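No value in this document is a laboratory result; all are computed from the given coordinates. Bear in mind that the values here come from a model prediction, so they are computed numbers and not experimental data. Cβ sites come from the backbone with ideal geometry, for glycine too, and all protein chains shown count toward neighbours.
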Amino acid sequence: MARIEADDLRKVFRSPDKRPGLAGSLRHLVERRYSEKVAVDGISLRVDEGEAVAYVGPNGAGKSTTIKLLTGILVPTSGEVRVNGIVPHRNRVENARGIGVVFGQRTSLWWDLAVRDSLELLRDMHGLSTAEYWANLDRLVEMLGIGDLLSSTARRLSLGQRMRADLAAALLHDPPIVYLDEPTIGLDIEVKDRLRAFLRQIVAEGTTLVLTTHDLGEIEDVCSRLVIIDHGRIVHDGGLRQVIETYARERVMHVDLAARPVSLAGIATRLAGATVIEERDGLGVAVTFDPLAHTAGDVLTAIQAELQVVDLRIKEPAIEDVVRRVYAGQLIPGPDDSPDDSPDDSPVR
Amino acid sequence: MRRNLWLYRRCLGAQLRATLEYEGDFWIMSVAALLTQGMGIVFLWAIFRAIPQINGWRFWDVVLIYSLVALTEGIAVLLAQGAWSMAVTVNLGGLDTILVRPYSPLLQVLSSQIGMNGLGNLALGGSLFVAALLHVGVAWSPGRIATAAFVLAFAPLVKIGLNVLTNCSAFWLKTPWSMFPFAFHTLGELARYPISIYGVVVRVILSVVLPYAFMSYFPATAVLSLGSSSWLGVLTPVAAVWCLLLGRWAFRRGLLRYESAGS
């Protein structure tokens, strides 16, 4: 069953085009110029019940904007979105009952209230019965370890404590869909591990999860599907394994040598398509190869035929490599729609 | 409706508890409110010492109007001060969390602050109101008392609606520090005096365009049966509903163009 359905979503922001300085501001008063920035450029997405989706991309790619469109915070410029069968920005109250949202950068707790008071206000807004409230709260207190935070004022909490309290606030009504926008930003490792375990558990229980993050460990730990976005468009959408096989098939064999080799050309001739580079000041070699063309055994044999190997390591591709390549702009949308002719930043009057 | 009111009270109650953490603020604001309103009265007294009547309005009539401003302002500040936080809420991104809670976003914004200085306004306005009533010499009949209670109950809603309307400019001006709504608030202060003393343009603005006069002047004419347009005061509830609808309309238009903030 589809929990989230987005069809050709677009969001265009308009910002005033002011020249620098006071003169520029004054000039803007008379002659108004705006530039349009396409933050989300035709995104279609379908997320089913119980799916855990990692939504990644470089800064400014449109991740947060997409989340804000899906949660009904922003109204799309064009396109359709349905969450739990309703259009979020048309029916915000109804929508809010079926989702839980955590923005890593911003708390949803009342700043000057004790955490418990914030949770009780949310309980009343969601119309939870006393029994439901206590059942959910007990569970969250135990899983997130926030028992001793309940009586603290939100503004006195540390970042990690606040994040856990925020998660409790977002999950208090047991929502079928949870959006987490950079939930582990600035958290220490122990708290991160606890959060990941917690997220795995709610996903296993059937919660639909959409997670934006820069933390790759989190993606591998929690999510089974990866959506990569760049310049406001989806450049990849698929299973985590499949992504690695598509974009990060290459493996690297690092070899330590007994003596400096005279030449590496011999290895390269034996392994067509592989690249061979010198490492460790000549006392090592790194061979990058495609496992479909050469097995690791072939590669090792080729190296040993030329040089004396002391030690070796094979580096498996990680999701990190894929995402890093996206961030570096190496994965661009298909050849038919190059980003150069996108309508970004075209001035309108 | 009942749920909305109940939740509104819950939110305000929570703000009350939070506000009590800053006791100093409360006293400073209350004293400031008393001083500001008190200065206005001294000013009035000085004028009426020189001129005993303005356009048929005597000192205590004007004090009555003045007290109504203090009372309606006091109630608006106490119960819906959140309208004034709109610029910050909207333009620093705080609206995001409000929009994902299952309670009317506008009511959440309005109940997001409790202006304890409203108590200062209410205390001063209340005493001026009583003093004025003792001096104006109106013959009280049950009908007049009912009219007064009815009209006065709606007067604060006029101010709340207009506060929402003017503060919604935050969605368009996109700055968390805007003087725009304050400018209109100051315009509304003209309604502390009988608006018949102003020119036509100001009168039309205060009674039709942005009907600030319905928070004080018109209700007072209805209570005192004074002036040629005292029947207009009975329309206060209509003005109140109109202002609230305008405020809600502006807020909804604003949400359509809300751009959030940051990432």
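All conditions in (1) of a type in the set (A, V, I, L, M, F, W, C); (2) outside any helix (DSSP H, G or I); (3) surrounded by fewer than 21 Cβ atoms within 10 Å (Cβ to Cβ) hold for A:ILE4, with the sole exception of (3).
Being farther than 30 Å from A:GLY60 by Cα and either surrounded by fewer than 16 Cβ atoms within 10 Å (Cβ to Cβ) or within 12 Å of another protein chain (Cβ to nearest Cβ) (or both) is the filter here; which residues of the stretch B:245-263 pass it? Listed by number, the residues that qualify are B:LEU245, B:TRP249.
On the basis of being more than 14 Å from chain A (Cβ to nearest Cβ), free of Cβ contacts under 8 Å to residues at least 12 places away in the same chain and either closer than 25 Å to B:THR186 by Cβ or not in a helix (DSSP H, G or I) (or both), does B:TRP242 make the cut? For B:TRP242, the condition - more than 14 Å from chain A (Cβ to nearest Cβ), free of Cβ contacts under 8 Å to residues at least 12 places away in the same chain and either closer than 25 Å to B:THR186 by Cβ or not in a helix (DSSP H, G or I) (or both) - is not met. Once the stretch B:102-133 is narrowed to residues that are within 18 Å of B:GLY13 (Cα to Cα) and touching a Ser or Thr at 6+ places or on another chain (Cβ under 8 Å), the residue that is farthest from the other protein chains (Cβ to nearest Cβ) is B:LEU119. All of (1) in a strand (DSSP E or B); (2) loosely packed, with under 15 Cβ neighbours inside 10 Å hold for A:VAL262 with one exception: (1). The requirement of being over 18 Å from B:HIS185 (Cα atoms), buried (at least 19 other Cβ atoms within 10 Å of the Cβ) and not charged (D, E, K, R) is satisfied by B:PRO219. Restricting attention to the stretch A:18-27, the residues that are basic (Lys, Arg) and either surrounded by 14 or more Cβ atoms within 10 Å (Cβ to Cβ) or within 13 Å of another protein chain (Cβ to nearest Cβ) (or both) add up to 2.
Return the only residue of B:LEU124, B:LEU119, B:LEU79 being buried (at least 22 other Cβ atoms within 10 Å of the Cβ) and in contact (Cβ under 8 Å) with a residue 24 or more places away in the chain. Give the steps one after another, and end with the answer.
Working: B:LEU119 fails: buried (at least 22 other Cβ atoms within 10 Å of the Cβ); B:LEU79 fails: buried (at least 22 other Cβ atoms within 10 Å of the Cβ).
Selected residue: B:LEU124, the only one of B:LEU124, B:LEU119, B:LEU79 that is buried (at least 22 other Cβ atoms within 10 Å of the Cβ) and in contact (Cβ under 8 Å) with a residue 24 or more places away in the chain.
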